[in-house]
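Only one structure is covered here, and it is reproduced in the block below.
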Amino acid sequence: MLDKIKINRTVVLILCVFACPLIVCAQQPQVAPAPFAPRYANTLPKPVLFRGPYLQVATSNSIVIRWRTESLSRSRVRYGTEVGRLDMFSDDSTLVTEHKVKLSNLKPNNKYYYSIGSLFDTLQGDKENYFQTLPKQGEEGFYRIGVFGDCGANTVLQRNVKNEFIKYLGNNYMNAWILLGDNAYENGTDAQFQVGFFNIYKNDLLKKYPLFPAPGNHDYGNVDFPANAVPQRNYDVAYHQIFSMPVNGEAGGVPSNNTAYYSFDIGNIHFLSLDSYGKEEGVYRLYDTLSAQVQWVKKDLEANKNKGWIVAYWHHPPYSMGSHNSDNQLELVKIRENFIRILERYGVDLILCGHSHLYERSKLMQGHYGLEATFDSTKHNLSNSTGIYNGSKNSCPYIKQNNQGFVYVVTGSAGKLSETQSTYPHNAMTYSNAEKGGASMIEVKGNRLDFKWICEDGVIRDRFTMMENINRKTVIKAKKGETVTLTASFAGEYIWSSGKQTSRSIHINPSGSKSVYSVKDPFHCLEETFEVRVSR
């Protein structure tokens, strides 16, 4: 018996000697990991990359990278600030096919290169694998956000729209892109997401730019009959399994604790991604103002009144005469009647929807909740301008006064086009187009927001500009002989009354006790005055 015990102890010691190196490797510090010995790497088959990588839950100091492999493997992301020098890493030692790795303690608004793989193998990672963390919440800068509506159709149109969008972007970085629903046709299955979404965007948009989606009816199986609408009630659909959302408030906003809706910040822009088709508690939709989603919307908007811009997006449009009719389709009618008032009350600036497979855009508007025929431009439009801001007649920017009004856009032709209604275009729209497909770009610089619709042939057929907190009158007190700096509050081009200066800021040395200066834009849409009072 004693001999047997000695033998068993020897076996245990031998096992420990060979097992311990593996344990140490799995728990080593998260900086500059040493390569694994070949004898360990060779014991596991190399996984095959099936999906991704794609970037989720981006914040100013973290990001989640997801991918899928055909066989079970552990997860590793190597990353660093230089190409070819990925000197940091993050692991998940669980054997999975759905890989989710969070990178933390990153620097805001900073570029990182990365690779994905297992503990032993790299599946993808070169100079085209990179991302940029989001800026600090509330921080002003120049930000770009792409907008794709109804994109997952696996069509030639979808590919053309993507290619022209990337051409427009050029060498500029896009901080994020958002989806307006119907991200995979026809029934939002995992296989349809693979063919109509991941396969098309995997080599460019998905691996470089953080994605913030919203669901549509096709993502829920495109059924609305009580016997078949179970996915709307239990969220047991591929959409909620494929995407990760910042539901804990980690990217800004009030935590929603629900993958169907959430909010996030990109600098001084606050976004709300909403669900207009799922049924909370098996009953409530977005138009039910007592629902948990709408109550959360109110709390989130109340807590984010100080943000420079507020953008809300979801799938079903409250105003449209495209492939869907907002006068007779329940979701569209009820959202307009019940929900729009809440967004107006809290000063939302821009509303984006899809569902109708075309492009439609309003002027700065407010207060319309009825049928198309009841829209009165003299009553409901707060501006008569086209908003395109190019020097043409009646094209000045939309200027938000007292937080009133929003511009409303349907941009649902990133994947397909469809027939329009007999009363197309909708009376509330200043521009509509059902002949060309496209995706949109939001560009924000401080208190200026530009929106552009980029078509399948590369032509920008619609655009508009919004501004807020401009046309100011400022009084500045200075001492005699002091140099004073005057800065225009708006982003653009400048004509100063003091001379030929064209920069945003000028330096002046006032001679009298009181001097008045002004700055205008070249199109005479904007004007600000500065009264400089000099004490002796």
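A few remarks follow.
- FRET efficiency estimate (nearest 0.05) - Cβ-Cβ, LYS473 to LEU330, R0 56 angstrom: 0.70
- Each residue, ASP126 and ILE495, gets one label point 7 Å from its Cα in the Cβ direction; the gap between the two is 5.1 nm.
- R0 of 22 Å, Cβ-Cβ distance HIS524-THR502: FRET efficiency to nearest 0.05: 0.90
- Packing-based ranking of 188-198, 206-216 yields 206-216, 188-198, ordered from highest to lowest mean Cβ neighbour count within 10 Å.
- Most to least packed among 98-106, 423-431, 142-150 [average Cβ atoms within 10 Å]: 142-150, 423-431, 98-106
- Sequence-distant lysines (8 or more away, or on other chains) whose Cα lies within less than 19 Å of LYS202: LYS100, LYS127, LYS162, LYS167
- Cα-based reach from LYS479 at 22 Å (exclusive), listing lysines while leaving out same-chain residues under 8 positions away: LYS514
- In this simple spin-label approximation, SER104 and VAL516 carry label points 7 Å from Cα along the Cα→Cβ vector, and these lie 5.8 nm apart.
- Order of LEU382, LEU272 under a 10 Å beta carbon neighbour criterion, fewest first: LEU382, LEU272
- Take every DSSP beta bridge whose two residues both sit in the chain; close to 75 percent of them are antiparallel.
- The stretch 453-466 - phi-based ³J(HN,Hα) in whole Hz, Karplus 6.51/-1.76/1.60, Gly and Pro as x: 9, 9, 8, 4, 9, x, 7, 8, 8, 9, 7, 8, 10, 10
- Over all other residues within a Cβ to Cβ distance under 11 Å of ASP450, the charged ones net out to +4, with Lys and Arg as +1 and Asp and Glu as -1.
- Cα-projected label distance for ASN257 with LYS379, points at 7 Å along beta-carbon direction, nm: 4.3 nm
- Rounded, prolate or oblate (a/c below 1.5 giving rounded, otherwise prolate when a/b exceeds b/c) for the stretch 38-132 by Cα gyration tensor: prolate
- Rounded if a/c under 1.5, otherwise prolate or oblate - the chain, Cα gyration tensor axes: oblate
A short reminder: the numbers here are calculations on the coordinates, not readings from a lab. All of these numbers come straight from a predicted model, not from anything done at the bench. As a convention, Cβ positions derive from the backbone with ideal geometry for all residues, glycine included, and neighbour counts pool all protein chains shown.
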